[in-house]
Amino acid sequence: MQTTINIEGHCDPQFRGVGDAFRQNFDAHDEVGAAVSIVVDGETVVDLWGGHMEAARTQLWERDTIVNVWSTTKGIVATCAHQLVDQGLLDLDAPVAKYWPEFAQAGKKSIPVRYLLSHQAGLPAIREPLPLGSAFDWHVMTEALAKEEPWWEPGTKHGYHAFTWGWLVGEVMRRVTGQSVGTYFRKEIAEPLDLDFHIGLGAEHDARTAEIIPAEPPPPGETNFVMEMLRDPQSMPFKVLTNPPDLFTPGVVNSREWREAEIPAANGHSNARAVARLYGALARGGELDGIRVLSPDAIEQATVEQAHGPDEVMGLNLRTALGFVLTSPDATLGPNARAFGHSGAGGSLGFADPDARIGFGYAMNRMLQGDTLTDPRWAPLIDAVYASI
C-alpha cells in the first residue's frame, strides 16, 4: 500500500475536495499512477497527476505522461463521427452499405449507420478464427466484418462491440473522408483544440507512455463479468475478447505494435487533461476557446438514448446513445441524468455533464476489474466535484 505519494498540478481552492479524493485513491485502491482533470464552463479547475509510470514504481508520472485509455477512445471517435453528421457528410439513417458497399454481404445491406454507433448491429465478434497479427491490419479486420453475419437481428438487441466497434465506425469514416480515424481526429479535433490524444501513437512518444498494469484475477470462488465472458470458448462473448488473438495476448498493450496501430475502439493514448478538455467543449454546447467541435443540435442528437437494459455481450444493465454511454445502473456518470461519455477497461473515464457544464477526465495505469463498468476510484472524485460546485 502507498503511504506517501507526490501529487502535482493545479487544483482551484474551491475544488480541494477533488485533490483530497485523488490522493486518498492511492492509499485506498493502491493506485500506481494516475491523473484527473476537471473543466467547468470552459475553465480547467483541476489538473492533477501523481504516482509512477510503471509497476516497478521507479519513474514518476509527469505532467505530459500519457497512457492507453482503452474504450474511453470510443467517445472521442464518436465525436469525430458526429462531426461528419454535423457537416452533412454522414447520414445516421442511411445504410452502412451506402458508404461501404462490401458491408452489404451476409444480409447486412439495410443496417443503418446508427446501429453501428449504438452497438445494435449484431457484430460484436467474428466467428471465423483470425490469425495472430490481424488486429494490427485494418483491411483484414474490415474485410472480415464485411463478410460477417449478424449474431442477432440488427436493431432488436444491443450488445457491446468492444473491439469491432472501432473498425466498423472507423471504416465508414474512412470511406467518407478518405482518411484514417487517427488522421482525421488529429487534423480536425486534436490539433485545433490542442489535445494530447493519439489514435496511432508514434515511437517518439514511447518514453512518456505509462505501462499498463493488468487487472488481477478475482479471488478464488469469486468472478466478474469478464471472467463470465471467458467461460465458454465457443460462445459469442468469448470471441468478442479473443478473436483476433492479439487482443488477449499478455503484454500486447505495452508493445510498439499495439501503440502504433489504429484500433479506434481501444487504443487511444492520452491523459486526463485532453479527455476533460474535449468533454468540456461538449458540455458547453460544443465550443471551447473559439473552436467549435460540434453544434448543440449534433450533441443533442448524439446523446439520445438508443437502447437500454441488459447487454447481450456483458450482461450489464446499460443505456446506450450514438457512440456514448449514458449514465445507468452499471455505468454511473454522476448525479445528472443527461451526462454522457465513455469509460475504458480497467478504469479510465471521460464524460460531459451539459447541465453542470462539466468535462471530466481520469486516466490511470493500474487496471481494476469489478462486476460493473463503474470503477471504485471514480465515485469519490465525482462526488467531490459535485460537492464543490
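Before moving on, here are some points about what is shown:
- Output for region 207-222, where each listed residue is of a type in the set (D, E, K, R), in a loop (DSSP other than H, G, I, E, B) and at pLDDT 95 or above: Glu211
- When the criteria are applied in full, Arg319 fails the requirement of being more than 13 Å from the chain's Cα centre (by Cα), of a type in the set (Lys, Arg), under 29 Å from Val45 (Cβ atoms) and crowded, with 23+ Cβ neighbours inside 10 Å.
- Restricting region 224-271 to residues that are closer than 21 Å to Ser343 by Cβ and without any contact (Cβ under 8 Å) to a residue 12 or more places away in the chain, the residue that is surrounded by the most Cβ atoms within 10 Å (Cβ to Cβ): Val252
- Being at pLDDT 95 or above, crowded, with 19+ Cβ neighbours inside 10 Å and of a type in the set (Asp, Glu) holds for only one residue in Glu148, Glu153, Glu143, and it is Glu148.
- Residue check for Glu204: assigned to a helix (DSSP H, G or I) and loosely packed, with under 12 Cβ neighbours inside 10 Å: yes
- Meeting the requirement of 1 or more residues that are over 24 Å from the mean Cα position of the chain (by Cα), the helices (runs of 4 or more DSSP H) wholly within region 1-113 are 16-28, 96-99.
Matching residues to (1) surrounded by fewer than 17 Cβ atoms within 10 Å (Cβ to Cβ); (2) under 23 Å from Asn267 (Cα atoms):
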residue	(1), (2)
Arg16	yes, no
Ala35	no, yes
Val45	no, no
Ile66	no, yes
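- Against the numbered list (1) closer than 21 Å to Thr142 by Cα; (2) touching a residue at least 12 places away in the same chain (Cβ under 8 Å); (3) surrounded by fewer than 18 Cβ atoms within 10 Å (Cβ to Cβ), Arg57 comes up short only at (1).
- Filter result (surrounded by fewer than 24 Cβ atoms within 10 Å (Cβ to Cβ) and either under 17 Å from Ala78 (Cβ atoms) or small (Gly, Ala, Ser) (or both)) within region 272-285: Gly285
- Which numbered condition Glu143 fails, given (1) free of Cβ contacts under 8 Å to residues at least 24 places away in the same chain; (2) assigned to a helix (DSSP H, G or I); (3) of a type in the set (D, E, K, R): (1)
- Scanning region 323-351 for residues that are surrounded by 24 or more Cβ atoms within 10 Å (Cβ to Cβ) and more than 15 Å from Ser71 (Cβ to Cβ) yields a count of 1.
- Of the criteria (1) closer than 30 Å to Gly280 by Cβ; (2) in contact (Cβ under 8 Å) with a residue 40 or more places away in the chain, which one Asp91 fails: (2)
- Filter result (of a type in the set (Val, Ile, Thr) and assigned to a loop (DSSP other than H, G, I, E, B)) within region 249-265: Thr249, Ile263
- Residue within region 264-274 that is farther than 30 Å from Ala125 by Cβ, in contact with a Lys or Arg (Cβ under 9 Å, 6 or more places away or on another chain) and not small (Gly, Ala, Ser) present: yes
- Subset of region 84-97 that is within 18 Å of Trp165 (Cα to Cα) and not small (Gly, Ala, Ser) - its residue that is surrounded by the fewest Cβ atoms within 10 Å (Cβ to Cβ): Asp93
The values are calculated or read from the model by the stated rules, or taken from the named source; none is laboratory data. What you see is a predicted model; the values in this text were computed from it and never measured. Positions of Cβ are generated from backbone atoms using ideal geometry, with glycine treated the same way; all protein chains shown enter the neighbour counts.
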